[in-house]
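Novice: Pasting a structure below so you can have a look.
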Amino acid sequence: MGKIAVLSLAAIALAAFIGERLVALRHSTLSSRELTQNYLPNCHLIEGIEYGAEDITILDDGLAFLSTGLKYPGLPSYSDDPGKIYSLNLLDSDLKIKALNIKGQFDKGSFNPHGISVYTDEKDGAIYLFVVNHPQGKSQVEIFRFVEGENALQHIKTIRHELLHNVNDIVAVGTESFYATNDHYFTNGILKVMEPLLSLSWSDVVYYSPQTVQVVAGGFSSANGINISPDKRHLYVSNILKHKIRVMEIQKNTVLSHVKEVDVGSLCDNIEVDRESGDLWLGCHPNGLKFMLSDPNDPPGSEVIRIENILSEKPRVTQVYADDGSVIIASSVATPYGGKLLIGTVYQKALICDLK
């Protein structure tokens, strides 16, 4: 009877623990949240984007780069073709995407692009595109030089490092240096699933340069999007399962010091920063459980959030766009330019709208 009682108590304790963890997971994924539609005027889908535009960034002259075709474990993938980087000139009235030709010694067949970032060299004006790549499920960073006259990318370098083990997003701060987020601590598939279930805050931010590679910030419940302020003094990181954007100040030794966190009320993915105003634009998942399940009969919605005056005592957080999945599914990025807003998704379509 003693052994049976002990086993019974252990079973009850285990059931209670699992139940509590499931309740916590439902809370962190905002599983009961329902959206009210909030549309922008004159929206239309970008022709040719069918398999996601997980990240988008725009140059000062209106040329946008789109990272497409991401294949991510646990999420749908509707094409076996390699991923691509497209360009889109927002100053052209036809708004036609163009696939960027990749030149150099690079395996195009396994290209699986995720987060992207651009860096313009002040010395010669050269534009570098940094791309998080997951060939065969691994994590590495590709550095390309944009060849504007040919609408091409010249492959410069592939960067691999043990600290760059689950890279999600990246922000370039030099021709070969960057900050990157790891969205998980473990690389094993089962253990990665356990991280959100156990509410582990073990993911981090890594600084990389040819001279230095180090973890510069930790304690994230899946660090996703990352970007930098226009004055290059602050980094913004999406602590996605905490529904917060963390603000950190860049120190002289590249280590980050915590400034504050801003609640956004959604699971926000990539972060784009308006170069003039400093406002943050976030592509978000309003219901994380729907995002993980990806049920076509009950699709995950999309949400765009804007943060104004984030460094002030009272930042202004507003919802700019919301859709229940009837227009676009699983928004991951939003970026404005010239009165328009581009909204990308993890594995589906991309949308362009007027902001007024």
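Novice: Considering the options 293, 315, 278, tell which one lies farthest towards the positive end of the dipole of segment 261-350, charges being +1 on Lys and Arg and -1 on Asp and Glu at the Cβ, about the Cα centre.
Specialist: The residue sitting farthest along the positive end of the dipole is 278.
Novice: Also: I'd like to compare 201-209, 154-162: which one has the highest average count of other Cβ atoms within 10 Å, and what's the full order after that?
Specialist: Ranking, from highest mean packing down: 201-209, 154-162.
Novice: Return one whole number: the accessible area per residue of the chain in Å², for a 1.4 Å probe.
Specialist: Per residue, the chain has 46 Å² of solvent-accessible surface.
Novice: On to the next question. Can you pull the accessible area of residue 258 for me, 1.4 Å probe, Å² to the nearest 10?
Specialist: In the full protein context, residue 258 sits at about 120 Å².
Novice: If you average 1/r over all unlike Cα pairs in segment 1-98 and invert the result, what Kirkwood radius do you get in angstrom?
Specialist: 18.5
Novice: Work out Dmax and Rg for segment 203-248 from the C-alpha atoms and quote the Rg first, both in angstrom.
Specialist: Both quantities, over Cα of segment 203-248: 11.1, 34 Å.
Novice: Also, I was wondering about something else. Taking the Cα centre as origin and putting +1 on Lys and Arg beta-carbons and -1 on Asp and Glu beta-carbons, what dipole magnitude results for the chain, to the nearest 20 debye?
Specialist: 920
Novice: Further, regarding this structure: Of the heavy-atom accessible surface of the chain (probe 1.4 angstrom), what whole percent is carbon and sulfur?
Specialist: 53
Novice: If I ignore ligands, DNA and RNA and count only protein heavy atoms, how much of residue 20 is accessible to a 1.4 Å probe, in Å² to the nearest 10?
Specialist: Surface open to solvent at residue 20 totals about 90 Å².
Novice: Taking 24 Å as the cut-off for C-alpha to C-alpha distance, list the pairs among 138/192; 290/314; 314/340 that go past it.
Specialist: Distance filter (> 24 Å) returns 290/314; 314/340.
Novice: Bin width 10 Å, origin at 0, all Cα-Cα pairs of segment 90-157: what percent of pairs per bin?
Specialist: 19, 48, 28, 6
Novice: Counting pairs of alpha carbon atoms under 8 Å apart in space and at least six apart in sequence, what relative contact order in percent does segment 83-133 give?
Specialist: It comes to 28 percent, rounded to a whole number.
Novice: Which one of 200, 267, 91 has the biggest mean-square fluctuation once the chain is modelled by GNM with Cα springs under 10 Å?
Specialist: Greatest mean-square fluctuation among the candidates belongs to 91.
Novice: Determine, for each peptide in 238-247, 67-76, the mean count of other beta carbons within 10 angstrom over its residues, then list the peptides with the highest first.
Specialist: Per-residue Cβ counts within 10 Å, averaged per peptide and sorted highest first, yield 238-247, 67-76.
Novice: Where does segment 255-356 land on Rg/Rh, using Cα atoms and the Kirkwood Rh?
Specialist: Radius of gyration over Kirkwood radius for segment 255-356 works out to 1.00.
Novice: Within 10 Å, count the other beta carbons around each residue, average over each peptide in 306-317, 178-189, and list them highest first.
Specialist: Put in order of decreasing packing, that is 178-189, 306-317.
Novice: Okay, moving on. Given the Cα-Cα distance of residue 162 and residue 277 and 0.36 nm per residue of separation, how much length would full extension add, in nm?
Specialist: 37.7 nm
Novice: Something else: If only Cα atoms are counted, what is the Rg of segment 111-256, and what is its Dmax, in Å?
Specialist: Cα-based Rg and Dmax for segment 111-256 come out at 15.3, 50 Å.
Novice: While we're on this one: Is there a pair in 98/232; 96/123; 71/232; 108/349; 98/260; 108/252 whose C-alpha atoms are over 28 Å apart, and which pairs would that be?
Specialist: Where the Cα-Cα span goes over 28 Å, the pairs concerned are 98/232; 96/123; 71/232; 98/260; 108/252.
Novice: Taking only Cα atoms and a 10 Å spring cutoff, compute GNM fluctuations for the chain and point out the largest among 152, 172, 223.
Specialist: 152
Novice: Ratio of alpha-carbon Rg to the 2.2 N^0.38 Å globular estimate for segment 238-314, to two decimals, please.
Specialist: Taking N as the residue count of segment 238-314, the ratio is 1.27.
Novice: Working only with C-alpha atoms, what are the Rg and Dmax values of segment 187-283, expressed in angstrom?
Specialist: 14.0, 43
Novice: At q = 0.06, 0.14 Å⁻¹, what is the log10 ratio I(q)/I(0) for the chain, with the Debye formula run over Cα points and no solvent?
Specialist: Values, matching the q order: -0.21, -1.15.
Novice: With springs only between Cα atoms under 10 Å, which of 139, 331, 257 fluctuates most in a Gaussian network model of the chain?
Specialist: Top of the fluctuation ranking is 257.
Novice: Place a label point 7 angstrom from the Cα of residue 110 along the Cα-to-Cβ direction, then list the residues of segment 121-139 whose backbone nitrogen is under 15 Å away.
Specialist: Only 133-139 fall inside the zone, counting backbone N under 15 Å.
Novice: Let me ask something else about it. State the answer as a single residue: which of 268, 188, 90 lies farthest towards the positive end of the charge dipole of the chain, with beta carbon charges of +1 for Lys and Arg and -1 for Asp and Glu, about the Cα centre.
Specialist: Looking along the dipole axis, the top candidate is 188.
Novice: Normalised radius of gyration for segment 50-198, please: alpha carbon Rg relative to 2.2 N^0.38 Å, two decimal places.
Specialist: 1.06
Novice: Under the Karplus relation 6.51 cos²θ - 1.76 cosθ + 1.60, θ = phi - 60°, what is the ordered set of whole-Hz ³J(HN,Hα) values for segment 298-314, x standing for Gly and Pro?
Specialist: With coefficients 6.51, -1.76 and 1.60, one gets 9, x, x, x, 9, 8, 10, 10, 10, 10, 9, 6, 5, 8, 7, 5, 10 Hz.
The values are calculated or read from the model by the stated rules, or taken from the named source; none is laboratory data. The shown structure was predicted, so the numbers you read here are calculated from the model rather than taken from an experiment. Cβ sites come from the backbone with ideal geometry, for glycine too, and all protein chains shown count toward neighbours. Heavy atoms of the whole protein, side chains included, go into the accessibility calculation; ligands, DNA and RNA do not. Shrake-Rupley method; radii C 1.70, N 1.55, O 1.52, S 1.80 Å.
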